[in-house]
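Single-structure report; data block below.
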Amino acid sequence: MRIVKNMLAAILFAVAGSGAMAQPYELTLSGASPSGLWTMLGVGLDGAVKAAYPGSTITYQTSGGGFANIGLIDRGKAPLGLAHDAELRIAVHGDKPFTKPITSLRAIARLYDWAPMQMLMSKSFADAHGIRTFEDIARVKPPLRIAFNKRGNITEFVAVKMLNAIGVELADIEKWGGAVIYAASSEQGDLMKDKRVDMFANGVFVRTNFILQAGHSVPLVLLPVSEPTIKKISDDLGVRRFVVKANSYEWQPEDVPTVSLGALLFVNEDMDEKIAYDIARALNEHIDKLRSVHGSFRDMPTSLLVEQNVIPFHEGAEKYYRSVGMIK
């Protein structure tokens, strides 16, 4: 039995009295930065579990993000973790940064799947080089100055894989007279506003503030991604097709297809079945707590909780979802 099961057993305490409802839980959720979306998800998870099992507490702890959380959960150093679907797929396959396949991970629920990879280019650069689609980059071979997220961030990884899928290596961009820059999201927006890059690629919610600000300063275009590229990346990384609806931005008059990152709540396979069952139940029955954490979650359907096939569901979570007909 792994450390995580013993640890969880030690921090549970029963409500006294015959016929009492399930015990409250004191658990830790390993997220990412001390602020941002995953922190809000921690608040939503805490609220849902509290509502289902009064007296419970889910404590959010910071970490290096999804890759770091995968290691923590695999080693039994934390009971609950968040990771992107693409990060989990990489772990399952044992690709870098992992040295072998990670087989201990089990899903409790998918929490969102609407953080699309947005390929944003200045309109002046796109017009000057006749670029209308993401695939045109490979055809035109322009002197492109492109900004990715910081090295090791999953959105940087996915963006590079998307370029690879259309036949472009990072070395090609430099050969064409361009440059590759790594910068955090807000810095990407500043680089575009200052006209120090021609394009940036990031996987964030539609109408995220740094994109809006960049678009107010510099006319932008959102490049559509072709169906073959979408299929290849989806098959390779477990991400999903996504359409940024027309007029999501004032300067985007048409639907724009791309792929989207999502996030899963996951645990170690050795988590006690009842704990996993109870957390899944709390999320389903009190999904309003998640819907309240961010405007984009307002219409989150309960069906989303089970819409993933990147890693197996924990047997306890699966048992709950089957009991209410969410999984057949």
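Scanning the stretch 35-68 for residues that are polar (S, T, N, Q) and touching a residue at least 40 places away in the same chain (Cβ under 8 Å) gives no hits. Scanning the stretch 281-328 for residues being of a type in the set (A, V, I, L, M, F, W, C) and under 22 Å from Gly238 (Cα atoms) gives a total of 11. Only residues that are in contact with a helix residue (DSSP H, G or I) (Cβ under 7 Å, 6 or more places away or on another chain), within 18 Å of Lys123 (Cα to Cα) and not in a helix (DSSP H, G or I) were counted in the stretch 180-198, giving 2. The condition of being part of a loop (DSSP other than H, G, I, E, B) and among the hydroxyl-bearing types (Ser, Thr, Tyr) holds for Thr99. So, Asn149, is that one buried (at least 20 other Cβ atoms within 10 Å of the Cβ) and not assigned by TED's automatic domain parsing to the domain that holds Ala32 or not? So Asn149 fits the description; yes. Test Leu8 against the criterion of being in the same structural domain as Ser63 (by TED's automatic domain parsing), assigned to a helix (DSSP H, G or I), at pLDDT below 85 and within 21 Å of Leu283 (Cα to Cα), and give yes or no. Judged against the criteria, Leu8 is a match. Within the stretch 177-184, at least one residue is assigned by TED's automatic domain parsing to the domain that holds Ser248 and closer than 26 Å to Glu227 by Cα.
Residues that are in contact with a Gly (Cβ under 7 Å, 6 or more places away or on another chain) and over 19 Å from Pro97 (Cβ atoms) within the stretch 153-187 are absent altogether. Residues in the stretch 121-162 that are of a type in the set (A, V, I, L, M, F, W, C) and within 18 Å of Asp95 (Cα to Cα): 6 in all. Condition first: touching a residue at least 40 places away in the same chain (Cβ under 8 Å) and outside any loop (DSSP other than H, G, I, E, B). Now tell me which residues in the stretch 138-155 satisfy that. Once the filter is applied, which keeps residues that are touching a residue at least 40 places away in the same chain (Cβ under 8 Å) and outside any loop (DSSP other than H, G, I, E, B), the stretch 138-155 yields Arg145, Ile146, Ala147, Phe148, Ile154, Thr155. When Thr133 is tested against (1) polar (S, T, N, Q); (2) at pLDDT below 95; (3) closer than 20 Å to Val259 by Cβ, only condition (2) is not met.
Just to verify a result, which residue in the stretch 157-174, among those that are in a helix (DSSP H, G or I) and either among the small types (Gly, Ala, Ser) or in contact (Cβ under 8 Å) with a residue 40 or more places away in the chain (or both), is farthest from Ala32 (Cα to Cα)? That would be Ala171. All of (1) over 21 Å from His216 (Cα atoms); (2) part of a strand (DSSP E or B) hold for Pro116 with one exception: (1). Among the residues of the stretch 224-246, the one identified as surrounded by fewer than 21 Cβ atoms within 10 Å (Cβ to Cβ), of a type in the set (A, V, I, L, M) and in a loop (DSSP other than H, G, I, E, B) is Ala246.
Does Asp127 fit the bill of being in contact with a strand residue (DSSP E or B) (Cβ under 9 Å, 6 or more places away or on another chain), crowded, with 17+ Cβ neighbours inside 10 Å and not β-branched (Val, Ile, Thr)? Against the criterion (in contact with a strand residue (DSSP E or B) (Cβ under 9 Å, 6 or more places away or on another chain), crowded, with 17+ Cβ neighbours inside 10 Å and not β-branched (Val, Ile, Thr)), Asp127 does not qualify. Listed by position, the helices (runs of 4 or more DSSP H) inside the stretch 254-328 whose residues that are touching a residue at least 12 places away in the same chain (Cβ under 8 Å) and surrounded by fewer than 24 Cβ atoms within 10 Å (Cβ to Cβ) number at least 3 are 273-285, 315-323.
Identify, from the list Thr103, Thr99, the residue that is of a type in the set (S, T, N, Q) and either surrounded by 15 or more Cβ atoms within 10 Å (Cβ to Cβ) or closer than 30 Å to Tyr320 by Cα (or both). Every option except Thr103 fails the conditions. Being closer than 26 Å to Glu156 by Cα and of a type in the set (Ser, Thr, Tyr) is a condition met by at least one residue of the stretch 251-274. Residues in the stretch 119-130 that are outside any strand (DSSP E or B) and small (Gly, Ala, Ser): Ser124, Ala126, Ala128, Gly130. Scanning the stretch 73-89 for residues that are farther than 19 Å from Leu304 by Cα and small (Gly, Ala, Ser) turns up Gly76, Ala78.
The values are calculated or read from the model by the stated rules, or taken from the named source; none is laboratory data. Computed from a predicted model, the values in this text were never measured in an experiment. Every residue, glycine among them, receives a Cβ derived from its backbone with ideal geometry; neighbour counts consider all protein chains shown.
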